[in-house]
Structures are given as structure tokens and as C-alpha cells.
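Bear in mind that the values in this text are calculations on the coordinates, not laboratory data. Because the structure is predicted, anything quoted here is derived from the model rather than measured. All Cβ positions, glycine included, derive from the backbone under ideal geometry; neighbour counts span all protein chains shown.
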Amino acid sequence: MAVSHTLLVTGGAGFIGSHTLVELLAAGFDVVVFDNFQQGSREALRRVQALSGRSFPCVEGDVRDAAALDRLFARQAELGAPIDAVVHFAALKAVADSVARPLAYYDNNVQGTLALLAAMRRAGVSRLVFSSSATVYGEPQALPYDESHPIAPTNPYGHTKAMVERILRDLCMAEPDFSAVTLRYFNPIGAHPSGRIGEDPHGAPDNLFPYLTRVAIGQLPELRVFGTDYATADGTGVRDYIHVVDLAQGHVAALRHALSGPGFTAVNLGTGHGTSVLELLAAFAAATGVAVPWRPAPRRAGDIAAAWADPRLAERLLGWRASRDIAAMCADGWRWQTRHPDGYAASGAGSGNSAGKP
Ligand code: UD1
């Protein structure tokens, strides 16, 4: 029974982490959040608690800190609620930043996961769900990407995800009790339909959807469409956008799979549908009534023309499929943005280094 399981959720205060907490709590899991709050928000955790009507421990710490992890596992055991499984989000995730600061990415993402895995072994915990990315596939050899597509990332961030997947695969071979489900996310956008939690990037957003909602609300003057001459139907880049709540529910399904038996599994979390930049702008205008000003701009270095998932393995293995469409992604993301023009910062506690615990 799910009700009796206690989960460690690293990076639970981030965009995907906070939405996943809501779904894990709704599914009856108990959670302990571990986050260094460099990107995540304490206010997001307060809101998850309010939305779910459940409180949970939130420990400030860094996954590279072995002693802090040991203390957390030991404390949970003392409390009679030992950690049964880990959902591991904590990582750095900006592609351009990873090119500029590769060591920070290998340290946080690879070394951080090694420290976590070592602490899990010391504590006898052998179930993991890992936050990976479709970026591990690199340039598509064929579309849609299925899980057997070659792994060939094109930037340090992608390499950190591919390396961790390799480590998990090797660990599952060496330790027949260990189970790891690695989730290859496509492009998560949108927000919880309550409008209470959402994406809160620090500074100018790198990704399309948070950038376009900031233009829509008037904080940025216009969207630059990076490349209008791709070999796609309208010349703009095509991606598999997935509602963050669908993605979050995919974690619940993945966790149940990880708890059900050992082995390494890599699964795409996407919808199987591609949407171009211009199609997303049109869908946003239809869902919200806001036409976002845009202009053509040169291609962004490292971008590919098109990417979308073959989502069938997730359905077959996990019994999960995405159900929310682009209109819902736009409406829900816009609700969050209009209610929180300045993200969580306006809620007093801010996101980064403010004091106070949820
Ligand atoms: C990017 C990362 C990917 C990461 C993902 C996380 C790169 C090259 N890839 O994916 O590794 O896993 O974010 O969510 O950074 N676009 C514009 N104008 C903008 C921003 C984006 O036209 O201001 C276009 C892009 O060219 C692309 C599409 O919108 O065609 C989606 O871009 P984005 O949201 O950044 O996602 P990815 O590039 O797919």
C-alpha cells in the first residue's frame, strides 16, 4: 500500500518537484523534502502543504553533503518512518550555463547523485526515481525518440544526465536488489490549475513558455522566435510540450514501478505530439485572449529542428499517459503568471536565501 511509504524528495522546492509533491501526497505517500533552496522556493513548499492539506518535513541541505544525508536517513529511521524510496530532482538545469560552468554541473548533478547513492546504500535504501531529460538523445536519428534511441548529448548539462543514467544502469547490474526508474522529460510547461504553484525562473527565462508568459504580462517587450527556417511545417522549432501536472503524475506511476521490483528502466515522459513555436503562440492567444508580440531571430546555437516522444513505453510499463492538451497548459500557466507577476517573491518569503521554514 502506498500509504505506508515514506519518500525522500530531493529538489522538491523546484518547479517539477513542487508539482510532483502535490501528486505524491494526493496518492497517499509521506514525503520528506531535501533542498538547498538555490533555485527552489520555500513559499512553493508552503503552498504544496496548503493545497494538499498535509504537512511534511523540509530539510535544507545539499545532495553533495554526505553527512547531512546520513543524518536525514538516520533521523527518519529513529522516528519510525524510514525512507523507502528517493525521488531525485535536485540538479542544475540551464544548458547555456552548463557550457559556461561545466564543473558546477558535473559537481552538482553527477557528484551530487553519487553522494546520494552512497548515502542510500549506507541506509539500505534501494529504490530511486531519477529526473532525466530527453536532452540525453541529442540530435534525432529518427522521430519520435523512443528509449532505444542512441544517447548522444550535445552539452554538459545533457552529459550529466546521461552519466547519471549510466551510473544507475551499472548499479542495477551490480546490485540485483536496486531499482532505478529514470524519466526522460520532454518540455514541461503550464502550472497547477489552482494557480498557486508554478514556474519561477530567476532572471530572464531561457525556455520558451516562461519567456512568452513574461512578454504576455508586459515584463518583456517581445518574444524572439529562434529560427523560422527549420525544415518544419511553419519553419519554427517543434517540441513535445507536456503539462507539468501530467509529468508529476508520471512520477507517481514511476515510483510505484520502482517499488514493485528491481532493475533499471528508462522511460520517456512526453505526449507524443509536436507543437511549433508559432502553434504554441496561436494556442496561447486562443486560450488566454493575449496575442504575444514576436519577431524572427537567428537560430539558437545547439537547437534542433524538432523533437517529440514515443510515449508508448510509459503507457505499457507504468500505465501512465499524458491527458492535458496545449490549451490547458496555456490556460493554467497563464493563471499562475497573472496571479504571480513576480513569482513567489511577492509572497514575502521569496525563493532563494530567505529565512524561515515552511
Ligand atoms: C531546453 C534545453 C534542454 C532542456 C530543456 C528544459 C537547449 C538547447 N535545450 O530545451 O536541454 O532539457 O530546455 O526545459 O537549451 N524558443 C524561441 N524563443 C525563446 C526560447 C525558445 O523561439 O525565447 C524556441 C526554441 O528555439 C525551441 C523552442 O522554443 O524551438 C523550445 O525551447 P525551450 O523551451 O528552450 O526548450 P528546448 O530547447 O527544447
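A crude spin-label estimate for the pair Glu222 and Asn207, with each label 7 Å from Cα along the Cβ direction, gives 2.6 nm. Spin-label pair Ser148-Ala96: with each label point 7 Å from Cα along the Cα-Cβ axis, the two points sit 3.8 nm from one another. In the stretch 1-155, Cα pairs under 8 Å separated by at least six residues give a relative contact order of 23 percent. Here the translational diffusion coefficient of the chain follows from Stokes-Einstein with Rh set to the Kirkwood radius across Cα pairs; for 37 °C and 0.692 mPa s it amounts to 160 µm²/s.
Comparing mean-square fluctuations of Leu278, Leu45, Leu168 from a GNM of the chain with C-alpha springs under 10 Å, the top value falls on Leu278.
P(r) tail for the stretch 54-141: Cα pairs beyond 19 Å make up 47% of the total.
Report the Stokes-Einstein translational diffusion coefficient (µm² s⁻¹, integer) for the stretch 95-135, Rh taken as the Kirkwood radius over Cα pairs, at 37 °C with viscosity 0.692 mPa s. For the chosen part, D equals 281 µm²/s. For Ala118 and Asp325, a Förster radius of 56 Å and the Cβ-Cβ distance give a FRET efficiency of 0.85, rounded to the nearest 0.05. Measuring nothing but how far apart in sequence close Cα pairs (under 8 Å, 6+ apart) lie, relative to its length, the stretch 190-242 scores a relative contact order of 16 percent.
Magnitude of the charge dipole for the chain, about its Cα centre and with charges confined to Cβ atoms of Lys, Arg (+1) and Asp, Glu (-1), is about 440 debye. Of the residues Leu51, Thr10, Leu24, the one whose Cα sits farthest towards the positive end of the charge dipole of the stretch 1-60 is Leu51 (charges of +1 on Lys and Arg Cβ, -1 on Asp and Glu Cβ, taken about the Cα centre).
Within the listed set Gly263, Gly138, Gly218, the residue fluctuating most in the Gaussian network model of the chain (springs between alpha-carbon atoms under 10 angstrom) is Gly218.
Mean 1/r over all different Cα pairs, inverted: what Kirkwood radius does the stretch 259-341 give, in Å?
Value: 15.7 Å, from the Cα pair sum.
Among Val95, Val48, Val86, the largest mean-square fluctuation in a Gaussian network model of the chain (Cα springs under 10 Å) belongs to Val95. For the chain, the longest principal axis of the C-alpha atoms and the axis of helix 42-52 are separated by about 80°. Within the stretch 94-212, all pairs of alpha-carbon atoms sorted by distance into 10 Å bins from zero give the percentages 12, 35, 35, 17, 1.
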